[in-house]
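First up is the structure itself, then whatever we jot down about it.
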Protein chains: 2
Amino acid sequence: MSREILLNAFHMNCIGHQSHGLWTHPRDTARHYNTLSYWCDLAKTLERGLFDGLFLADVLGVYDVYGNSPDAALRNATQVPVNDPLMLVPAMAMVTEHLGFGVTCTLSYEPPYTFARRMTTLDHLTNGRIGWNIVTGYLNSAAQGMGQQGQESHDRRYEMAEDYMQVVYKLWEGSWEDGAVVEDRSAGIFADPAKVHRVHHDGPFYQLDAMHLCEPSPQRTPLLYQAGASPKGREFAARNAECLFIAATSPEWIKGYVADMRTRAVAAGRRPDDLKIFAICTPVVGATKAEAEAKLADYRCYVRTEGALAQLSGAMGVNLADYDLDTPVSALGNLETDATQTALETLARASGNPYSTIRQMAEFAGIGGRTPIFTGTGADVAEEIISWVDRTGVDGFNLAYAVMPETFEDFVNHVVPELQTRGRYKTAYTPGPLRTKLFGRARLADNHPAAAARTSLKI
Amino acid sequence: MSREILLNAFHMNCIGHQSHGLWTHPRDTARHYNTLSYWCDLAKTLERGLFDGLFLADVLGVYDVYGNSPDAALRNATQVPVNDPLMLVPAMAMVTEHLGFGVTCTLSYEPPYTFARRMTTLDHLTNGRIGWNIVTGYLNSAAQGMGQQGQESHDRRYEMAEDYMQVVYKLWEGSWEDGAVVEDRSAGIFADPAKVHRVHHDGPFYQLDAMHLCEPSPQRTPLLYQAGASPKGREFAARNAECLFIAATSPEWIKGYVADMRTRAVAAGRRPDDLKIFAICTPVVGATKAEAEAKLADYRCYVRTEGALAQLSGAMGVNLADYDLDTPVSALGNLETDATQTALETLARASGNPYSTIRQMAEFAGIGGRTPIFTGTGADVAEEIISWVDRTGVDGFNLAYAVMPETFEDFVNHVVPELQTRGRYKTAYTPGPLRTKLFGRARLADNHPAAAARTSLKI
């Protein structure tokens, strides 16, 4: 195998994303997450490194499962405060030409009519560089912010998501035909009304009777990311997703996941390579292996396990404050009752995890989250990435950071050239929209379920 | 009177805002509304002219009242396609330092929890330059996009709006105390949980039980715009708004409106000058009066009355295709049954309108909408603006455009210096957030109803 490796940077519109306590590191600048220059500088660094995209996580809600309180999350800035990720994209698009933007939006709390317009707007403004990470949310605190008692069950959220996708596919793919915009200045006709269709949708969860408010954008449907690992999540992703993001620490587990997902894609009428799959790692780079290890040791001095426990409790749906920290992770019991997707993932991958107790898990998760950490020279890290890609069959990596922007600057300066030397990384961007860069076409393939929305609509 | 006059540019994220057919003018560039450079160029022009703000209208939904069809709107690009206005702000904020952004968001279709986060995010990213034009929507087509049969009644929409405001005030003003962000790097403490409060709201329309996800932004609550002219709308605006925007063509009518609103503000426990009131005009500027008139005559050649009729029918809630075009506007009958705020405004101001029949109204509305057109040299237009301000008691003007960006470039180059020469316009920006520039303080005044949210919350 010698495919070019895909790379996204992984971040979130907050201070403490996945490195808990590292905002206190003297070189960390994440506290400036609420300024445009922070994000525009990052975007320029990533484009200099020919990154495919910046992948922005989001959590609507606060981590208040740990100790039944948001206090630990607030003290540690653990993904709170957390600002809206979409608002970062237009400014970063102004200072870049090729970098893609994969943005997490929780469909459970976004009406499809307004959300579809928002994404089409961004696809226009970025010249087709927008992606959407489809999530259904996993925090009860978010549901309570929306006036609900708590969130819907995991499986029901995926049923709602399927219905939601049908609505937005119809708006993006079926409402405006390609020839609808005539733009005849002499006749004074902008659009041909016969080619703009009203979408009728009467689904189990969503109803809509309206035309899309926007003319077609370069990609129409944004590039679709998904991260589901539960059985329902995999089904959903195999049908709908184009890029998969999987957070796991065991190459063997990832290899099995990749094989399973490509099989599921085929079963859903798609091709195995219609899915681009991204693993995750946190790179720590030094001029020598020893320097990199010293850097990692320095980072570890700033980890706050309380912040990690707050995040893990929320993501797993388990109050880890109820347990002795030396309890084995495998003993956390049957989480099916309030099972979140992430909790299931954790159990599924427990055997491959480089930790066994809750304390070890929290300490491990303090740098970059529960990701493998690749430590060494630029060449070492490049070799490790290539090795994982070749062993697991993934297409690339999402890169978590330890210290902002140091982790990404180090990577661009020292790892990217080593990947290029080995013929495993592009030396220039492919022109065109994000989907063109990754799949060779701006629009969704005909074998994707969204394609059905293209012809099934009547005025 | 010699107060400095306030100025906003009035636009919308679409091709045909209020000058119907003018997108076909050879010098008009509005077709590039879906590019970042179009908006960033405009923002830079406005900042060069020391404009207080760019006021972005929005309509969620399509004008399908005329002929019971969206066809006329689509043919003429009459506010359709229409992209999301919020997405323009971060890019324009990148290329400016002082320009404010007043953005129209329809609260009826934005859950308060996510909307509050979005606005706080923008207030952070713009360093406190965001304003919100509070609207409840007036098109049934929008409600149908949200899965409803039709919109709520006019009065009920204002009751919902009052409830909505209480929720967002609590999130913006009451959830995070000013001292909540400690940012103690040595102790590893970002926020003091004792100073971050969960908002409980159990109103007639909205329920919420959550803390705000964002730390306080420079203004906390965005600068609040409103444009209600109906009795309910005026009540709402007198209590909640800081800036009022009134679209009328009769100085006498405006004078009465201004007096009424300042009286209402006092009745609501505020001061008369807690309201900044903006009238509207469309400036057409030439080197000589004759040149300006020739320019206006040229613009008129591109007007499409069908586009104007589509917009007017939607805004008034009346299918004007049902009427002979020579019907007097005053004969349109009792619109109370499906009365929209705008329809009421039209009736209220009919006596002062420079047109009498539907045809004349549509032709008049073809340039800049139903606004007075100020035609002449820079000095002529400056004098006219000053005269209207002094006769009516408004604080400034929203400027509609005929041709983009010509109208605003002409104004900045030729009218702004004349206003400055007359001592009626700033020669430099006041530093600080938008509210500071307009009212001398970054936060809402203590006599504003939002202030009650500051102390009434318990954890």
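The helices (runs of 4 or more DSSP H) located wholly in segment A:265-358 that include 3 or more residues which are in contact with a Ser or Thr (Cβ under 8 Å, 6 or more places away or on another chain), more than 19 Å from A:ASN68 (Cα to Cα) and at pLDDT below 95 occupy A:341-348. Any chance segment A:164-187 includes a residue that's touching a helix residue (DSSP H, G or I) at 6+ places or on another chain (Cβ under 9 Å), among the basic types (Lys, Arg) and in contact (Cβ under 8 Å) with a residue 24 or more places away in the chain? Looking for residues that are touching a helix residue (DSSP H, G or I) at 6+ places or on another chain (Cβ under 9 Å), among the basic types (Lys, Arg) and in contact (Cβ under 8 Å) with a residue 24 or more places away in the chain, one finds at least one in segment A:164-187, hence yes.
Among the conditions (1) hydroxyl-bearing (Ser, Thr, Tyr); (2) at pLDDT 95 or above; (3) farther than 23 Å from B:HIS32 by Cβ, A:TYR158 misses just one, which is (2). Only a single criterion out of (1) over 21 Å from the mean Cα position of the chain (by Cα); (2) not in a loop (DSSP other than H, G, I, E, B) is not satisfied by B:PHE397, namely (1).
With the structure loaded, tell me whether B:GLN207 is surrounded by fewer than 24 Cβ atoms within 10 Å (Cβ to Cβ) and either out of contact with any Phe, Trp or Tyr (no Cβ under 7 Å at 6 or more places or on another chain) or farther than 23 Å from B:TYR109 by Cβ (or both) or whether it fails that test.
Taking the combined requirement at face value, the residue satisfies it.
May I ask you to verify whether B:THR29 is of a type in the set (S, T, N, Q), closer than 27 Å to A:PHE115 by Cβ and at pLDDT 95 or above? Criteria not met by B:THR29. The residues in segment B:367-386 that are without any contact (Cβ under 8 Å) to a residue 40 or more places away in the chain and under 15 Å from B:LEU7 (Cα atoms) can be counted, and the count is 1. Within segment B:26-37, the residues that satisfy the criterion of being without any contact (Cβ under 8 Å) to a residue 60 or more places away in the chain, surrounded by fewer than 18 Cβ atoms within 10 Å (Cβ to Cβ) and not polar (S, T, N, Q) are B:PRO26, B:HIS32.
Just to verify a result, which residue in segment B:124-134, among those that are in contact with an Asp or Glu (Cβ under 9 Å, 6 or more places away or on another chain) and crowded, with 23+ Cβ neighbours inside 10 Å, is nearest to A:ARG117 (Cα to Cα)? So the residue we want is B:ASN133.
Scan segment B:202-242 residue by residue and report those that are among the aliphatic types (A, V, I, L, M), over 21 Å from B:GLU159 (Cβ atoms) and within 8 Å of another protein chain (Cβ to nearest Cβ). Result: B:ALA210, B:MET211, B:LEU213.
Out of segment A:66-75, which residues are more than 21 Å from A:GLY368 (Cα to Cα) and either more than 10 Å from chain B (Cβ to nearest Cβ) or not in a loop (DSSP other than H, G, I, E, B) (or both)? Across segment A:66-75, the qualifying residues are A:GLY67, A:ASN68, A:ASP71.
The set of residues from segment B:438-453 being in contact (Cβ under 8 Å) with a residue 12 or more places away in the chain and either in contact with a helix residue (DSSP H, G or I) (Cβ under 9 Å, 6 or more places away or on another chain) or within 17 Å of B:ARG264 (Cα to Cα) (or both) comprises B:PHE439, B:ALA442, B:ARG443, B:LEU444, B:ALA445, B:ASN447, B:HIS448, B:PRO449, B:ALA450, B:ALA451, B:ALA452, B:ALA453. Filtered by the rule that a residue be surrounded by fewer than 24 Cβ atoms within 10 Å (Cβ to Cβ) and either away from every other protein chain (no Cβ under 14 Å) or in a helix (DSSP H, G or I) (or both), segment B:1-23 gives B:MET1, B:SER2, B:ARG3, B:GLU4, B:ILE5, B:LEU6. Could you tell me which of the residues A:GLY137, A:GLY150 is without any contact (Cβ under 8 Å) to a residue 24 or more places away in the chain, under 27 Å from A:TYR63 (Cα atoms), among the small types (Gly, Ala, Ser) and touching a helix residue (DSSP H, G or I) at 6+ places or on another chain (Cβ under 6 Å)? Exactly one of A:GLY137, A:GLY150 is without any contact (Cβ under 8 Å) to a residue 24 or more places away in the chain, under 27 Å from A:TYR63 (Cα atoms), among the small types (Gly, Ala, Ser) and touching a helix residue (DSSP H, G or I) at 6+ places or on another chain (Cβ under 6 Å), namely A:GLY150. Scanning segment B:180-197 for residues that are more than 8 Å from every other protein chain (Cβ to nearest Cβ) and out of contact with any Asp or Glu (no Cβ under 7 Å at 6 or more places or on another chain), we see that the one that is surrounded by the fewest Cβ atoms within 10 Å (Cβ to Cβ) is B:ALA187. Within segment B:368-388, one or more residues are of a type in the set (D, E, K, R), within 18 Å of B:GLY307 (Cα to Cα) and at pLDDT below 95. Condition test on B:TYR63, is it outside any helix (DSSP H, G or I), farther than 24 Å from B:ARG424 by Cβ and more than 9 Å from chain A (Cβ to nearest Cβ)? Here the answer is yes, as B:TYR63 does meet what is asked.
Those helices (runs of 4 or more DSSP H) of segment B:404-448 in which 2 or more residues are among the polar types (S, T, N, Q) occupy B:416-421. The residue pairs whose first member lies in segment B:283-305 and is of a type in the set (Gly, Ala, Ser), whose second member is in a loop (DSSP other than H, G, I, E, B), and whose beta carbons are closer than 6 Å, counting only pairs six or more residues apart or on different chains, are B:ALA292/B:GLY286. Would you be able to say whether some residue in segment A:171-179 is closer than 20 Å to B:ALA210 by Cβ and either modelled with pLDDT under 95 or not in a helix (DSSP H, G or I) (or both)? No, every residue in segment A:171-179 fails to be closer than 20 Å to B:ALA210 by Cβ and either modelled with pLDDT under 95 or not in a helix (DSSP H, G or I) (or both).
The values are calculated or read from the model by the stated rules, or taken from the named source; none is laboratory data. The shown structure was predicted, so the numbers you read here are calculated from the model rather than taken from an experiment. Every residue, glycine as well, gets a Cβ built from its backbone with ideal geometry; the counts of neighbours run over all protein chains shown.
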